[in-house]
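For reference, the structure is listed below as structure tokens.
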Amino acid sequence: MPPTMPLAVPSTMNAHHPAARMVPAIPVRPVQPVLAPGRVRRVALVGPLPPRRCGLATFTADVRASLAGRPGWQCDVVAIMEPRGTIDVRPATIEIRQEVDGDYERAAARLNYLGVDVVSLQHEFGIFGGPDGAHVLAFLAAVRAPVVTTLHTVLEQPSPGQRRIMAAILRHSAHVIVMAAKGAEILVRVYGASRDRISICAHGAPDRPLMPATVFKSGLGLDGHKVLLTFGLLSAGKGLETMIAAMPAIVRCHPDVLYVILGATHPHVIRQSGESYREGLVDLATRLGVLDSVRFVDAFVEMPQLLAHLGAADIFVTPYPNEAQVTSGTLAYAVALGKPVVSTPYWHAAELVDERSGALVGFGDAHGFAAAICRFLDDPALLQAAGAVAWSRGRATIWARSAEHYIEAFEAVIGRAAGGAVVSAGPHAAAWPDPQAVVRTTDSCGILQHSSYGIAHRAHGYCLDDNARGLILVQRWRRLGLVDLPLDRLEETFGSFILQAWNPERGRFRNFMGYDRGWQEDSGSEDSNGRAWWALGEVVRHGSGAHLRIWAQELAAQVLPCVAGLTSLRARCFAVLGAEGLLDAAPYLPGVREILALAGDDLMARIATHGLPDWPWFEPSLSYDNARIPQALLVAGRALNRPDMIAAGLESLAWLDGVQTAAAGHFRPVGSAVPATRHRAPVRFDQQPIEACASVDAALVACEITSDPRWLRMARTAHAWFFGGNDAGLSLADRRGGCFDGLRPEGLNRNQGAESILALQMANAAMALAAPGGTSLVDRFRARLS
């Protein structure tokens with residue numbers, strides 16, 4: 001593969017060819033190992049690179065250079081490219097076209113394939129594509145290595161979009177680096193970030209000896225001048241008008257002074273308004289009669305020329321017009337090269353500059369700038385002493401020190417990932433069975449399908465899937481002995497819905513019903529039919545009264561031909577789960593064992609067809625309700641006394657557990673946005689509650705069969721996902737028995753549909769049933785209700 005990979009599109013391939021959208025085969029679970037001494041660690045640096053004209057591109061290149069020289073570290077580069085952009089720092093492992101959203105996920109997939117140990121993301125608004133740079137979230141959602149994010153801007157008053165993006169970045173980041181203490185304070189106060197995940201690393205700078213300015217002046221045509229310098233890309237908001245307004249007073253005191261404004265106009269400004277800003281500064285200097293004392297160097301200078309200009313400066317000036325600048329690379333460079341600084345007190349300058357190394361002047365105060373600069377120019381000894389103090393402070397910010405800080409952060413997050421700590425769900429109050437949300441969203445017809453922020457959305461009506469799940473849940477609550485809940489009413493409501501859903505003319509269940517109680521179809525999906533059969537099996541096995549069990553058994557007998565004809569994978573798995581209950585409670589019912597055998601053999605045939613050593617699975621993709629498939633094979637193997645089925649079920653479940661376990665050890669279900677395949681790594685979002693519920697159930701079945709505690713650990717880890725043991729560290733469960741609809745890249749999906757509520761409560765009940773000392777657990781639950 002060439003050093004620079006044009007994201008998964010070989011140079012000889014038409015970009016519209018289907019293969020152009022493929023990514024290389026990616027190991028499904030790259031585990032971050034504990035790093036042995038001497039092992040080369042691999043960091044992926046994500047950011048813009050030269051010749052892109054922005055300070056962040058220069059910073060990214062400098063960070064790369066500082067890390068590349070560290071023994072034991074290999075630095076890959078993911079370059080963020082402008083349209084028609086190029087890079088001159090090679091090799092770049094991957095290039096992301098800034099506005100092409102698909103590039104971000106493909107870049108993450110490539111890093112997953114390479115097995116990088118840690119990702120270093122350089123973030124600045126305006127660098128990444130999408131509204132407020134939202135495309136970067138797709139990258140963060142898909143990449144598996146822990147992420148250390150360096151924030152070059154921390155906004156105290158973000159727009160709603162900027163706040164949402166920043167909050168998501170913080171959730172995805174294992175660690176955050178800011179360059180000033182003020183940045184850390186804003187992250188905690190404004191964004192609610194955890195202070196122990198934030199470190200302060202000053203903006204890096206070159207390491208140069210302290211030398212007199214006169215050494216550099218002749219080569220730049222600055223002999224005979226006292227040089228004031230500002231450098232950086234020109235744009236409104238730099239406060240240069242204030243400094244030019246100060247020049248008449250400075251020139252009167254020191255006619256030999258020359259103010260050098262070094263830097264090209266920012267490309268974004270050029271695109272929007274051409275050179276009108278620079279021309280306005282020239283006009284201002286002309287009107288004030290100081291144009292001969294102001295030199296504009298309109299160039300994006302290379303590092304040697306930049307350092308020469310800095311060396312030639314007697315005083316460095318940053319007249320920014322407001323405090324909201326948390327870092328300034330130009331300021332860091334000037335201090336490290338031993339330049340006295342006269343500046344406004346924006347956040348970074350207020351932390352770095354004082355009366356010993358320069359002077360701070362009020363915002364927009366041209367007279368203050370003139371007075372401070374003249375004071376230093378009037379006293380050469382004072383000027384020299386301030387430069388010496390600045391240079392001494394700058395030793396702490398040279399790139400070698402910066403690299404040490406970065407490596408310390410990298411090693412910390414790699415170590416945490418390798419440690420694999422798992423959040424325990426047990427102590428969380430919402431981990432107990434709680435009927436409130438189920439009762440709240442169930443009317444006399446059934447449980448309503450969707451909600452808008454927890455308020456039942458009647459327009460979406462009802463579905464058989466959810467009412468079947470509700471009936472299964474009621475049986476679990478009955479097994480827990482929770483007789484003080486309104487179980488009879490719920491059981492009758494859900495059972496009545498299932499009964500009405502059966503369409504004998506079609507020999508199938510209907511699924512969707514409008515709020516007007518009218519059916520919207522004559523026959524529902526195979527999955528909904530399979531779930532209804534599963535619910536009937538649970539009632540036959542655990543129903544509270546003989547009348548209810550007889551009803552369920554007779555309806556199951558009518559439904560059996562339909563179930564026997566199901567062909568879709570998950571519908572057959574639901575059929576197995578229902579058949580187990582029927583076989584256990586009504587073994588005389590004809591045809592039930594045949595359904596188990598037919599579905600079990602089908603599962604074995606599927607895994608023989610699709611399974612590979614690195615993909616021991618039943619189909620070419622991972623999509624939804626995945627753990628129900630090995631659960632069904634385990635159940636069939638147990639009921640039929642088939643050790644081969646049990647062995648295959650355990651193997652596939654163990655593999656799925658690996659896929660669904662993040663490097664840090666918490667549960668990470670396969671995102672539902674795009675199915676995963678052997679050649680396409682699972683996306684991280686959207687994460688759905690049904691995956692956690694299915695994983696809990698499947699793991700507990702495996703634990704019952706084998707008595708192996710690893711399966712109980714798997715169940716607990718999946719259960720903890722509901723309560724913050726997840727990528728975002730957010731609880732999906734609320735204190736009213738409800739559950740949010742999933743995790744998105746930007747955080748919680750705050751709707752609470754029936755599927756999500758039922759998934760939480762089914763998982764809670766399953767864990768309660770599996771807990772040692774179940775009686776005391778139920779007693780605690782009742783005490784909590786009272």
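Where in the range 138-244 are there helices (runs of 4 or more DSSP H), lying fully within it, with 2 or more residues that are more than 30 Å from His254 (Cα to Cα) and in contact (Cβ under 8 Å) with a residue 40 or more places away in the chain? Outline the logic, then answer.
Details: elements: 160-172, 181-191, 214-217.
In the range 138-244, the matching helices (runs of 4 or more DSSP H) lie at 160-172, 181-191.
Would the range 541-564 turn up any residue that is part of a helix (DSSP H, G or I) and under 27 Å from Ala718 (Cα atoms)?
Going through the range 541-564, the residues part of a helix (DSSP H, G or I) turn out to be 541-542, 546-564.
Going one step further and asking which of them are under 27 Å from Ala718 (Cα atoms), we end up with 541-542.
Scanning the range 541-564 turns up at least one residue that is part of a helix (DSSP H, G or I) and under 27 Å from Ala718 (Cα atoms).
Residues in the range 463-476: is at least one outside any loop (DSSP other than H, G, I, E, B), surrounded by fewer than 16 Cβ atoms within 10 Å (Cβ to Cβ) and in contact with a strand residue (DSSP E or B) (Cβ under 9 Å, 6 or more places away or on another chain)? Working first, answer last.
Step one: of the range 463-476, the residues outside any loop (DSSP other than H, G, I, E, B) are 463-476.
Going one step further and asking which of them are surrounded by fewer than 16 Cβ atoms within 10 Å (Cβ to Cβ), we end up with none.
No; the residues of the range 463-476 include none that is outside any loop (DSSP other than H, G, I, E, B), surrounded by fewer than 16 Cβ atoms within 10 Å (Cβ to Cβ) and in contact with a strand residue (DSSP E or B) (Cβ under 9 Å, 6 or more places away or on another chain).
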Self-check item: Unique residue being in contact with a His (Cβ under 8 Å, 6 or more places away or on another chain), touching a residue at least 24 places away in the same chain (Cβ under 8 Å) and polar (S, T, N, Q) when the list is Thr677, Thr661, Thr706, Thr717
Solution: Thr717
Quiz item: Using beta carbons and a limit of 8 Å, which pairs, at least six apart or on different chains, have the first residue in the range 547-574 and open to solvent by 50 Å² or more (accessible area, probe 1.4 Å) and the second one in a helix (DSSP H, G or I)?
Solution: Arg549/Val539; Arg549/Val540; Arg549/Ala585; Trp551/Gly495; Trp551/Leu499; Trp551/Val539; Thr567/Glu526
Exercise. Take the residues in the range 113-136 that are open to solvent by 10 Å² or more (accessible area, probe 1.4 Å) and within 28 Å of Gln660 (Cα to Cα), then tell me which one is modelled with the lowest pLDDT.
Key: Tyr113
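In the list Phe740, Phe722, which residue meets the criterion of being closer than 16 Å to Gly665 by Cα, in contact with a Ser or Thr (Cβ under 8 Å, 6 or more places away or on another chain) and of a type in the set (Phe, Trp, Tyr)? Full working, then the answer.
Values: Phe740 fails: closer than 16 Å to Gly665 by Cα.
On inspection, the qualifying residue turns out to be Phe722.
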Quiz item: Any residue in the range 295-305 that is in contact (Cβ under 8 Å) with a residue 12 or more places away in the chain, open to solvent by 30 Å² or more (accessible area, probe 1.4 Å) and in contact with a helix residue (DSSP H, G or I) (Cβ under 6 Å, 6 or more places away or on another chain)?
Solution: no
Practice problem: Output the residue which, of all residues in the range 245-276 that are without any contact (Cβ under 8 Å) to a residue 40 or more places away in the chain, touching a Ser or Thr at 6+ places or on another chain (Cβ under 7 Å) and closer than 13 Å to Val294 by Cα, is surrounded by the fewest Cβ atoms within 10 Å (Cβ to Cβ). | Solution: Leu258
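Using the structure shown, decide if Gly729 is closer than 20 Å to Ile629 by Cα, part of a loop (DSSP other than H, G, I, E, B), in contact with a Lys or Arg (Cβ under 8 Å, 6 or more places away or on another chain) and in contact (Cβ under 8 Å) with a residue 40 or more places away in the chain.
For Gly729, the condition - closer than 20 Å to Ile629 by Cα, part of a loop (DSSP other than H, G, I, E, B), in contact with a Lys or Arg (Cβ under 8 Å, 6 or more places away or on another chain) and in contact (Cβ under 8 Å) with a residue 40 or more places away in the chain - is not met.
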Practice problem: Test Ala19 against the criterion of being assigned to a helix (DSSP H, G or I) and modelled with pLDDT under 50, and give yes or no. | Solution: yes
Quiz item: For the range 479-496, does any single residue satisfy the condition of being modelled with pLDDT under 95, outside any strand (DSSP E or B) and under 24 Å from Leu596 (Cβ atoms)?
Solution: yes
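Go over the candidates Val178, Val100, Val116, Val188 one by one and state the one that is touching a Leu at 6+ places or on another chain (Cβ under 8 Å) and β-branched (Val, Ile, Thr). Before the answer, list the steps.
Values: Val100 fails: touching a Leu at 6+ places or on another chain (Cβ under 8 Å); Val116 fails: touching a Leu at 6+ places or on another chain (Cβ under 8 Å); Val188 fails: touching a Leu at 6+ places or on another chain (Cβ under 8 Å).
Only one candidate qualifies: Val178.
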Practice problem: Give the number of residues within the range 721-779 that are modelled with pLDDT under 90, over 30 Å from Val147 (Cα atoms) and either of a type in the set (A, V, I, L, M) or surrounded by 21 or more Cβ atoms within 10 Å (Cβ to Cβ) (or both). | Solution: 6
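I need the full set of residues from the range 335-347 which are under 19 Å from Lys182 (Cβ atoms) and in contact with a Phe, Trp or Tyr (Cβ under 9 Å, 6 or more places away or on another chain), in order please.
Within the range 335-347, Val335, Val341, Ser343, Thr344, Pro345, Tyr346 meet the criteria.
Quick check: anything in the range 81-92 open to solvent by less than 40 Å² (accessible area, probe 1.4 Å) and basic (Lys, Arg)?
As a first pass, look at the range 81-92 and keep what is open to solvent by less than 40 Å² (accessible area, probe 1.4 Å): 81, 85, 87, 89, 92.
From the residues that got through so far, the ones that are basic (Lys, Arg) too are none.
Taking every residue of the range 81-92 in turn, none turns out to be open to solvent by less than 40 Å² (accessible area, probe 1.4 Å) and basic (Lys, Arg).
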Self-check item: Of all residues in the range 343-367 being within 19 Å of Ala246 (Cα to Cα) and in contact (Cβ under 8 Å) with a residue 60 or more places away in the chain, the one that is surrounded by the most Cβ atoms within 10 Å (Cβ to Cβ)
Solution: Thr344
Exercise. Could you please find all residues in the range 609-661 being open to solvent by less than 10 Å² (accessible area, probe 1.4 Å) and among the β-branched types (Val, Ile, Thr)?
Key: Ile629, Val635
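Residue by residue, here is whether (1) closer than 24 Å to Arg171 by Cβ; (2) of a type in the set (S, T, N, Q); (3) out of contact with any helix residue (DSSP H, G or I) (no Cβ under 7 Å at 6 or more places or on another chain) holds:
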{"position": "Ser707", "(1), (2), (3)": "no, yes, yes"}
{"position": "Arg716", "(1), (2), (3)": "yes, no, yes"}
{"position": "Ala720", "(1), (2), (3)": "yes, no, yes"}
{"position": "Ala728", "(1), (2), (3)": "yes, no, no"}
{"position": "Leu743", "(1), (2), (3)": "yes, no, yes"}
{"position": "Leu748", "(1), (2), (3)": "yes, no, yes"}
Quiz item: Among the residues of the range 339-358, is there at least one that is assigned to a loop (DSSP other than H, G, I, E, B) and β-branched (Val, Ile, Thr)?
Solution: yes
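The values are calculated or read from the model by the stated rules, or taken from the named source; none is laboratory data. From a predicted model like this one, the values you see are computed outputs, not experimental measurements. In this analysis, Cβ positions are derived from the backbone assuming ideal geometry, glycine residues included, and neighbour counts consider all displayed protein chains. Surface areas here come from the heavy atoms of the whole protein model, side chains and all, with no ligands, DNA or RNA. Shrake-Rupley method; radii C 1.70, N 1.55, O 1.52, S 1.80 Å.
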